[in-house]
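Read through the structure below, which is laid out as structure tokens, and then see the notes.
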Amino acid sequence: MMQKNSRIYVAGHKGMVGAAIFRALHKKGYGHLIGLSSRELDLKNQSAVKSFFESEKPEVVIDAAARVGGILANNNYPYPFLMENLMIQNNLIDFSHQYGVEKFIFLGSSCIYPKLAPQPLKEEVLLTGPLEPTNQWYALAKIAGVKACEAIRQQYGRDFVSLMPTNLYGPFDNFDLETSHVLPAMIRKFHEAKINGHQPVRLWGSGTPMREFLHVDDMAEAVVFAMENAFDDNLYNVGTGQDLTIKALAEMIQRVTGHQGEIVWDSSKPDGTPRKLMDVHKMTAAGWTAQINLEEGIKDTYQWFLENIDQIKQVKL
């Protein structure tokens, strides 16, 4: 049973997901939370991570640290998306094992599953087919992390669990148009087009791919739930179990932002995976379900964007 004074280290606590987890843990009364910025602790530095575990002795580690980005960033920078993620997670997983961490929660992505896997995506389809080429580098790193946690669980009986969220969005997201994911990029595009006289908004692809979106506060609640409960298996999908077309998403964001111009689809740009819906029955059976409606979540995110527009996170590569 987790104690309110358990030493809980959230790796990547400055990012969108890590910050949401930090907020959720604090709200639930956990008083010994550990969070270090990348300047304070470079998770790619093996000796630095070793020294951290020796001195801080965390009892719980939540790995929300990663180099992340959308199709363009993954396509243009394959090596750092593969190698930096491997370095970060290998250090965290291995030292958590060596220093007796009681609970380790590894966060990945739905992109670990094959591009053309049957929908909705079940956990058991992992490694049954080719990956989506545009984000295979990030996916390969995350698959390695899932398997490392599974190996430790199998060989040593340790409570290492992997949670695979669907597409996440919410406060503290990355709104840089070159490196962001589709939902925050759309929010920024529609907002800027609105304030510039409701100019047309040009979007990638055909608008036909299906996507599922989960508010980051829901994800944080799922992580806390996984921390507080013993799971029977090592890999769980986290999502809403509902999806919509990119075109429908664009129209929803257009409505929320108040943009009244034209939407232009650039079919010369890639669509990515045709559909990516998560089967969330395992997580539901464990006792957790998402709570935040998509349109309400987008309204919340857009409000946060407006309030923080002068200091929104932008990731340059």
Notebook entry, point to check: With (1) open to solvent by less than 10 Å² (accessible area, probe 1.4 Å); (2) among the small types (Gly, Ala, Ser); (3) closer than 28 Å to Leu183 by Cβ as the list, and Ala66 as the residue in question, which single condition is left unmet?
Noted result: (1)
Checklist line | Selection count, the stretch 1-36, where residues are modelled with pLDDT of 95 or more, in a loop (DSSP other than H, G, I, E, B) and either of a type in the set (A, V, I, L, M) or surrounded by 22 or more Cβ atoms within 10 Å (Cβ to Cβ) (or both) | finding: 3
Next item on the list: Could you check Ala220 against (1) in a loop (DSSP other than H, G, I, E, B); (2) in contact with a helix residue (DSSP H, G or I) (Cβ under 8 Å, 6 or more places away or on another chain); (3) small (Gly, Ala, Ser) and say which number it fails?
Entry: (1)
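Matching residues to (1) part of a helix (DSSP H, G or I); (2) at pLDDT below 95:
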| residue | (1), (2) |
| --- | --- |
| Ala226 | yes, no |
| Glu251 | yes, no |
| Val256 | yes, no |
| Lys269 | no, yes |
| Lys282 | yes, no |
| Gln291 | no, no |
Check: Has the stretch 142-153 got any residue that is free of Cβ contacts under 8 Å to residues at least 24 places away in the same chain and more than 30 Å from Gln260 (Cβ to Cβ)?
Finding: yes
Item checked: Checklist (1) closer than 26 Å to Leu41 by Cβ; (2) at pLDDT 95 or above; (3) open to solvent by 30 Å² or more (accessible area, probe 1.4 Å); (4) part of a loop (DSSP other than H, G, I, E, B) applied to Val101, failing item -> (3)
Next item on the list: Consider Tyr30 carefully, then state whether it is of a type in the set (Phe, Trp, Tyr) and touching a residue at least 40 places away in the same chain (Cβ under 8 Å).
Entry: no
Item checked: Residue, farthest from the chain's Cα centre (by Cα), within the stretch 145-171, restricted to residues that are surrounded by 19 or more Cβ atoms within 10 Å (Cβ to Cβ) and among the aromatic types (Phe, Trp, Tyr) -> Phe160
Next item on the list: Please work out which residue is nearest to Leu86 (Cα to Cα), limiting yourself to the stretch 137-176 and to residues that are part of a strand (DSSP E or B) and of a type outside the set (A, V, I, L, M, F, W, C).
Entry: Ser162
Notebook entry, point to check: Being modelled with pLDDT of 95 or more and over 17 Å from Lys142 (Cα atoms), is that true of even one residue in the stretch 73-93?
Noted result: no
Note to self: Given the options Thr208, Thr240, name the one that is surrounded by 19 or more Cβ atoms within 10 Å (Cβ to Cβ), in a loop (DSSP other than H, G, I, E, B) and of a type outside the set (Asp, Glu).
What the structure shows: Thr240
Next item on the list: From the list Leu127, Leu72, Leu116, pick out the single residue that is among the hydrophobic types (A, V, I, L, M, F, W, C), open to solvent by 30 Å² or more (accessible area, probe 1.4 Å) and without any contact (Cβ under 8 Å) to a residue 24 or more places away in the chain.
Entry: Leu127
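The values are calculated or read from the model by the stated rules, or taken from the named source; none is laboratory data. Computed from a predicted model, the values in this text were never measured in an experiment. For neighbour counting, all protein chains shown are included, and Cβ atoms are generated from backbone atoms with ideal geometry for every residue, glycine included. Quick note on the areas: whole protein, heavy atoms, side chains included, nothing else; ligands and nucleic acids left out. Shrake-Rupley method; radii C 1.70, N 1.55, O 1.52, S 1.80 Å.
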